[in-house]
Each structure stands twice: as C-alpha cells, then as structure tokens.
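In what follows, a single structure is set out as structure tokens and then discussed.
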Amino acid sequence: MPVRYPIMAVLVSAIIVFLAIAAFRAWRSRANAQAAKFSAPLEWLEHPSGGRQWANLQYVATSVRGEPLNRVTAHGLGSRGFGKITASTDGILIERTGERSIGIPFVQLQGVSRATVAIDRAVETDGLIQIDWQQDGFELSTFLRATSNDTRKNLYTYLTELLGTKEKSND
C-alpha cells in the first residue's frame, strides 16, 4: 500500500471531524441566540381539564411564524420526534418521546391551519397541522403530522372548534 493512502485517510478524517464540530457549534450558537429572544415553553399545563388526546403524532418542527424554513432550535424545539398531543380549554400539551414536552397555554394560542411544507418536510396537500402561538411576544408556528388521515381530520377539527378559527390552507 502506498504511503499516501494513510496520509489521505487521516486528512479526510480530520476534515470530516472539523466539519462535524463546525456544524455542532453553529447549531448551538443558533439555539443560544434564539433562547435569548424568548423563554422556554412550559413542559406541562397547570390545570389540565377535560379535552382530548391523540397519540401517534409526529412533531415535525417549530419555526418562526411566517418563515417556514427558519427552524427554532432553542429550548429543545429543534428535535423532531413522535409523541402525543392533549388539547383542552387550558391549552395544548405536546409530549414527545425522549424529548422535552411543549405546553402552550390557551392564551398563547393564535390559530391553527393546514400546511404542506415545513422546513425539510414536504407532504401531501394539507398533510401538516400548523399551530400558531407566541412565547414572550415571539411568534412561532409548530407543525405536526398525524399518522392517519382520520387522526389528522379529527385533531384539526377539534383544534379549529377550540380556537374558533376558520379553515385555511398554507402552502
């Protein structure tokens, strides 16, 4: 084996490690900058009463409202995952498997709509449920994807009735 192969392997490995570290630092820097703009959402609802729960949902992402490609990474909102959602007149609680839960009190909820695209996820028409809310005056949109059409329809209908919003589609 020529002597240049091990040298090339070490150089390529060093470049890959450097790029991984740079990506990690950029992610952390972005999360810290966003964390300075708003406080962490609740991990529970103070007095959950009644409401309904849906399981087998995918938390896709939270983005800055109106900027669906601007992922919010602060306070654990950048990690996608599966979980369940509980919705009641007290608010919405998104419980993600292995991740921090997201509690949004009713007064912070601003609307619900359907979407087709969020960050790096494109789905069938109206395949995502977009929940608009605010945290410390910072406007956010959280995107959820139901594993079945019936779940998506029932959840969306319940949320629109709960929030008193009209059906609209965001593409």
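The values are calculated or read from the model by the stated rules, or taken from the named source; none is laboratory data. Fair warning: this is a prediction, and the values are worked out from it, not measured in the lab. Using ideal geometry, Cβ is built from the backbone for each residue, glycine included, and neighbour counts are taken over all protein chains shown. What goes into the accessible areas is simple: the full protein's heavy atoms, side chains included, and nothing from ligands, DNA or RNA. Shrake-Rupley method; radii C 1.70, N 1.55, O 1.52, S 1.80 Å.
So which residues in segment 60-76 are in a strand (DSSP E or B) and not β-branched (Val, Ile, Thr)? Before the answer, list the steps.
Of the residues in segment 60-76, the ones in a strand (DSSP E or B) are 60-64, 71.
Matches in segment 60-76: ALA61, SER63, ARG71.
Yes or no, residue by residue, for (1) among the charged types (D, E, K, R); (2) assigned to a strand (DSSP E or B); (3) open to solvent by 30 Å² or more (accessible area, probe 1.4 Å):
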{"position": "GLU95", "(1), (2), (3)": "yes, yes, yes"}
{"position": "ILE104", "(1), (2), (3)": "no, yes, no"}
{"position": "GLN110", "(1), (2), (3)": "no, yes, yes"}
{"position": "ARG114", "(1), (2), (3)": "yes, yes, yes"}
{"position": "GLU124", "(1), (2), (3)": "yes, no, yes"}
{"position": "TRP133", "(1), (2), (3)": "no, yes, no"}
{"position": "GLU139", "(1), (2), (3)": "yes, yes, yes"}
{"position": "PHE143", "(1), (2), (3)": "no, yes, no"}
{"position": "ARG152", "(1), (2), (3)": "yes, no, no"}
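The set of residues in segment 154-163 that are open to solvent by less than 40 Å² (accessible area, probe 1.4 Å) and more than 15 Å from LEU57 (Cβ to Cβ) comprises THR160, LEU162, LEU163.
Mind listing just one residue for me: the one in segment 9-49 that is part of a loop (DSSP other than H, G, I, E, B) and open to solvent by less than 70 Å² (accessible area, probe 1.4 Å) and, of those, modelled with the lowest pLDDT?
First, pick out the residues of segment 9-49 that are part of a loop (DSSP other than H, G, I, E, B): 36-41, 43-49.
With open to solvent by less than 70 Å² (accessible area, probe 1.4 Å) added as a condition, the list becomes 38-41, 45, 49.
Details: PHE38: 92, SER39: 93, ALA40: 91, PRO41: 91, LEU45: 79, SER49: 68.
Across segment 9-49, the extreme among qualifying residues is SER49.
For segment 77-89, the tally of residues that are over 13 Å from PHE143 (Cβ atoms) and either part of a strand (DSSP E or B) or modelled with pLDDT of 90 or more (or both) stands at 6. Regarding segment 52-68, can at least one residue be identified that is acidic (Asp, Glu) and either open to solvent by less than 50 Å² (accessible area, probe 1.4 Å) or in contact with a strand residue (DSSP E or B) (Cβ under 8 Å, 6 or more places away or on another chain) (or both)? No, there is no match, as no residue in segment 52-68 is acidic (Asp, Glu) and either open to solvent by less than 50 Å² (accessible area, probe 1.4 Å) or in contact with a strand residue (DSSP E or B) (Cβ under 8 Å, 6 or more places away or on another chain) (or both). Of all the listed residues (ASP132, ASP136), the sole one being on the phi > 0 side of the Ramachandran plot and either at pLDDT 90 or above or in contact with a His (Cβ under 6 Å, 6 or more places away or on another chain) (or both) is ASP136.
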